[in-house]
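Presented below is the structure to which this report refers.
The values are calculated or read from the model by the stated rules, or taken from the named source; none is laboratory data. What you are looking at is a predicted structure, and each value in this text was computed from that prediction instead of being measured. Glycine also receives a Cβ, built like all others from the backbone with ideal geometry; neighbour counts cover every protein chain displayed. To get the accessible areas, we keep the full protein, side chains included, count just its heavy atoms, and leave off ligands, DNA and RNA. Shrake-Rupley method; radii C 1.70, N 1.55, O 1.52, S 1.80 Å.
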Amino acid sequence: HELSFKVGDFVLVRGETGVGKTTLLKSIGGLQAFRFEIIADNINVYNSDSWRPSIALVSQSPFLYGHNLSEMIIGKESSEEIDLNLYAESLRISCLETWGEGRIGDLTNENVSGGERKQIALARAVYSKPEILLLDEITAGMDQKLTKRILGNLRECNQFKLIVLASHELLEEGDFNH
């Protein structure tokens with residue numbers, strides 16, 4: 001089988017549970033062994049042994065580290081060197097600009113909903129500045145309005161060479177290049 005992506009593509013991979021969407025995402029990102037070649041202008045640019053892009057994968061069930069939103073997105077160790085513009089952009093893309101307002105006490109995986117964890121994991125992924133952003137069922141558990149906002153924000157982004165979203169949901173095709 002052959003897949004072709006162009007720089008700047010936002011691609012939806014849709015299928016039922018268990019058909020291999022997660023495996024495909026991990027293979028695209030080089031996180032799982034898979035034999036492939038990348039050919040550009042009839043020249044073999046990469047093979048599966050040398051393919052090491054800068055990637056970020058937001059999984060179906062992300063685990064969060066930290067006690068507040070900035071630690072969960074940036075990481076506790078690097079909190080002194082925050083890129084404020086990138087942090088703000090990460091919050092905007094994942095629709096978390098006002099999320100922390102009114103929250104009291106430590107945040108934990110137990111007191112954050114599954115949809116909120118995915119939003120925070122998306123912000124963390126954006127903050128890491130990957131070339132390729134892989135999203136595994138990121139919109140599952142989110143209402144339609146929030147899904148549309150996040151997909152619109154991602155579509156407007158030009159900082160990624162490729163975004164691939166795996167989903168079993170019927171998302172609107174207008175939100176994607178293919």
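Could you list all residues from segment 122-153 that are charged (D, E, K, R), open to solvent by 20 Å² or more (accessible area, probe 1.4 Å) and over 19 Å from Gly75 (Cβ atoms)?
Going through segment 122-153, the residues charged (D, E, K, R) turn out to be 124, 129, 131, 136-137, 143, 145, 148-149.
Pick out the ones that are also open to solvent by 20 Å² or more (accessible area, probe 1.4 Å) and you get 124, 129, 131, 143, 145, 148-149.
Residues satisfying the conditions are Glu131, Asp143, Lys145, Lys148, Arg149.
Report, by residue number, each residue of segment 90-139 that is part of a loop (DSSP other than H, G, I, E, B), among the charged types (D, E, K, R) and modelled with pLDDT under 80. Show your work before the answer.
Here is the first cut: in segment 90-139, the residues part of a loop (DSSP other than H, G, I, E, B) are 94-108, 112-113, 128-131, 137-139.
Right, trim to among the charged types (D, E, K, R) and you get 97, 101, 103, 106, 129, 131, 137.
Glu101, Arg103, Asp106, listed by residue number.
Could you tell me whether segment 38-48 includes any residue that is surrounded by 13 or more Cβ atoms within 10 Å (Cβ to Cβ), at pLDDT 65 or above, of a type in the set (Val, Ile, Thr) and farther than 23 Å from Ser90 by Cβ? Scanning segment 38-48, I find no residue that is surrounded by 13 or more Cβ atoms within 10 Å (Cβ to Cβ), at pLDDT 65 or above, of a type in the set (Val, Ile, Thr) and farther than 23 Å from Ser90 by Cβ, so the answer is no.
So is Tyr65 modelled with pLDDT of 75 or more and surrounded by 12 or more Cβ atoms within 10 Å (Cβ to Cβ) or not? Here the answer is no, as Tyr65 does not meet what is asked.
Criterion first (surrounded by 11 or more Cβ atoms within 10 Å (Cβ to Cβ), at positive phi, outside any strand (DSSP E or B) and at pLDDT below 80) does Gly18 satisfy it? No, not satisfied.
Contact annotation: residue pairs with Cβ atoms under 8 Å, 6 or more positions apart or on different chains, pairing a residue in segment 95-121 that is over 14 Å from Ser70 (Cβ atoms) and open to solvent by 20 Å² or more (accessible area, probe 1.4 Å) with a partner that is hydroxyl-bearing (Ser, Thr, Tyr) and at pLDDT 80 or above, are Gly114/Ser61; Arg117/Ser61.
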